[in-house]
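Below: one structure, written as structure tokens.
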Amino acid sequence: MRDALAAQIRSGNELGASVVVDVDGRTVVDIWGGWCDAEHRMPWGRDTITNVWSTTKTVCNLAALMLVDRGQLDPYAPVARYWPEFAENGKEHIEVRQVLSHTSGVSGWDTPFSPEDMYDWDFSTRRLAAQAPWWEPGIASGYHGQNQGHLVGELVRRVTGKHMKTFVADEIAGPLGADFQIGAGEADWSRIAPVTPPPPTPIDVAALDPSGPMYRTMVGPLPDPEAANTPAWRRADLPALNGHGNARSVARILKALALDGAVDGIRLLSPDTIGVIFEEQSHGTDLVLGIPLRWGIGYALPESETVPYVPRGRVCYWGGWGGSLIVMDLDTRTTISYMMNRMAPGIIGSDRSEDYVRAVLSCLN
């Protein structure tokens, strides 16, 4: 694994990154290297953190499953049971599981809506409650790229009274001693490795059907990778997008799924609730990303086309824009975590994440 990371850094594919592998509760790989900045002035250190984009969703959805475990949230209940205003405009039958599996039909915000509007929690959740779904809920997935954290986060807030940023700090990262936060406190800004944007997307947004979910999601709002390096972004509560951590802290949290729900005696979930993740909700071409995906409740499940290097079996995973990835293999009790600052093309996975996962699997085999 050290050789694989070193080779990617030497080649210039990787700027800075960290990789962690945990097997049966024992950390067998914890490595990092490269640079925080494109000018190679600041080395990536042991405690460097970065914006992990949609890998944040894996922690956000864990929070919701913790409420399921406590009997406070029913995945098969309507969202409106907990958030009555969400019933507007034909959404009264949308269920919690459909929000967690990207099948709700509410995959973005109706325009006009700016990236800065996401930072205003009350305004952005009111807008989601008021709009109509963009396709029939439950029939297919359409990746809730930027707004899943607001949808799940408002459910968490309605049930617990805590915003997601606070819930994660108090009930997940804090108890586990994990160096992970939604947003980033100003005291930590000096150790953040800024993200380096990916090459321009090959998708011509202007050529898409303006009435379709792909176009509407991509412009509602139009993602800006540079925003992740701004103070406003770091101060915001964006539970789908602005988690800050590294491979060690993300693995520390998510390995609970591979270890029957507990980490060093701290129980987050019961095995029965972990089983909920594997209740398949959709399997087919995603209406927003245009690629085959298979969704359970809260996490993607293995399929053969889009991320073929994720192992088969009782495995769940997801990652972030640019290539970060977290894989939990319950069969082998293994967690693979990779976080980096140079964004690769694509929404999920990259040539680098494939290289690392295949190296891990070759070692284990």
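State all residues of segment 119-171 that are part of a helix (DSSP H, G or I) and among the hydroxyl-bearing types (Ser, Thr, Tyr); if no residue qualifies, say none.
Going residue by residue through segment 119-171, those that are part of a helix (DSSP H, G or I) are 119, 121-130, 148-160, 164-171.
If the condition is that a residue be part of a helix (DSSP H, G or I) and among the hydroxyl-bearing types (Ser, Thr, Tyr), then Tyr119, Ser124, Thr125, Thr160, Thr166 are the ones that fit.
For segment 306-365, give me each residue that is under 20 Å from Ala4 (Cα atoms) and of a type in the set (Asp, Glu).
Once the filter is applied, which keeps residues that are under 20 Å from Ala4 (Cα atoms) and of a type in the set (Asp, Glu), segment 306-365 yields Asp351, Glu354, Asp355.
Only one of (1) in contact (Cβ under 8 Å) with a residue 24 or more places away in the chain; (2) over 19 Å from Leu259 (Cα atoms); (3) not in a loop (DSSP other than H, G, I, E, B) is not met by Ala38, so which one is it?
(3)
I need every pair where a residue in segment 336-351 that is at pLDDT below 95 has its Cβ under 7 Å from the Cβ of a residue that is crowded, with 23+ Cβ neighbours inside 10 Å and not aliphatic (A, V, I, L, M), sequence separation at least 6 or different chains.
Every condition considered, the pairs that remain are Ile347/Trp321; Ile348/Gly319; Gly349/Gly319; Gly349/Gly323.
Tell me which of these Ala132 doesn't satisfy, since it passes every other one: (1) modelled with pLDDT under 95; (2) surrounded by fewer than 16 Cβ atoms within 10 Å (Cβ to Cβ).
(1)
Inside segment 319-333, can you point out the residues that are surrounded by fewer than 23 Cβ atoms within 10 Å (Cβ to Cβ) and in contact with a helix residue (DSSP H, G or I) (Cβ under 6 Å, 6 or more places away or on another chain)?
At the first step, the residues of segment 319-333 found to be surrounded by fewer than 23 Cβ atoms within 10 Å (Cβ to Cβ) are 330-333.
Scanning segment 319-333 gives Leu330, Arg333.
So Glu305 ticks every box in (1) assigned to a helix (DSSP H, G or I); (2) of a type outside the set (Ser, Thr, Tyr); (3) at pLDDT below 95 but one. Which box is left unticked?
With (1) assigned to a helix (DSSP H, G or I); (2) of a type outside the set (Ser, Thr, Tyr); (3) at pLDDT below 95 applied to Glu305, the lone miss is (1).
From (1) in contact (Cβ under 8 Å) with a residue 60 or more places away in the chain; (2) in contact with a strand residue (DSSP E or B) (Cβ under 8 Å, 6 or more places away or on another chain); (3) among the charged types (D, E, K, R), pick out the condition that doesn't hold for Glu95.
(1)
Give just the number: which of (1) out of contact with any Ser or Thr (no Cβ under 7 Å at 6 or more places or on another chain); (2) assigned to a strand (DSSP E or B) does Asp74 not satisfy?
Of everything listed in (1) out of contact with any Ser or Thr (no Cβ under 7 Å at 6 or more places or on another chain); (2) assigned to a strand (DSSP E or B), Asp74 misses just condition (2).
From Ser101, Ser107, Ser124, which residue is in contact (Cβ under 8 Å) with a residue 24 or more places away in the chain and either touching a strand residue (DSSP E or B) at 6+ places or on another chain (Cβ under 8 Å) or surrounded by fewer than 16 Cβ atoms within 10 Å (Cβ to Cβ) (or both)? It would help to see each step written out before you state the result.
Working: Ser107 fails: either touching a strand residue (DSSP E or B) at 6+ places or on another chain (Cβ under 8 Å) or surrounded by fewer than 16 Cβ atoms within 10 Å (Cβ to Cβ) (or both); Ser124 fails: either touching a strand residue (DSSP E or B) at 6+ places or on another chain (Cβ under 8 Å) or surrounded by fewer than 16 Cβ atoms within 10 Å (Cβ to Cβ) (or both).
On inspection, the qualifying residue turns out to be Ser101.
Could you tell me whether segment 89-101 includes any residue that is within 19 Å of Arg235 (Cβ to Cβ) and either out of contact with any helix residue (DSSP H, G or I) (no Cβ under 6 Å at 6 or more places or on another chain) or in a helix (DSSP H, G or I) (or both)? Give the derivation first.
Of the residues in segment 89-101, the ones within 19 Å of Arg235 (Cβ to Cβ) are none.
No: segment 89-101 contains no residue that is within 19 Å of Arg235 (Cβ to Cβ) and either out of contact with any helix residue (DSSP H, G or I) (no Cβ under 6 Å at 6 or more places or on another chain) or in a helix (DSSP H, G or I) (or both).
Please go through segment 277-288 and pick out each residue that is surrounded by 22 or more Cβ atoms within 10 Å (Cβ to Cβ) and out of contact with any strand residue (DSSP E or B) (no Cβ under 9 Å at 6 or more places or on another chain).
Once the filter is applied, which keeps residues that are surrounded by 22 or more Cβ atoms within 10 Å (Cβ to Cβ) and out of contact with any strand residue (DSSP E or B) (no Cβ under 9 Å at 6 or more places or on another chain), segment 277-288 yields Leu287, Val288.
Looking at segment 180-190 only, could you name the residues that are crowded, with 18+ Cβ neighbours inside 10 Å and of a type outside the set (Gly, Ala, Ser)?
So the first thing to find is which residues in segment 180-190 are crowded, with 18+ Cβ neighbours inside 10 Å, and the list is 180-184.
Result: Phe180, Gln181, Ile182.
The values are calculated or read from the model by the stated rules, or taken from the named source; none is laboratory data. Quantities reported herein were computed from a predicted structural model and do not represent experimental measurements. Cβ atoms come from the backbone with ideal geometry, glycine included; neighbour counts cover every protein chain shown.
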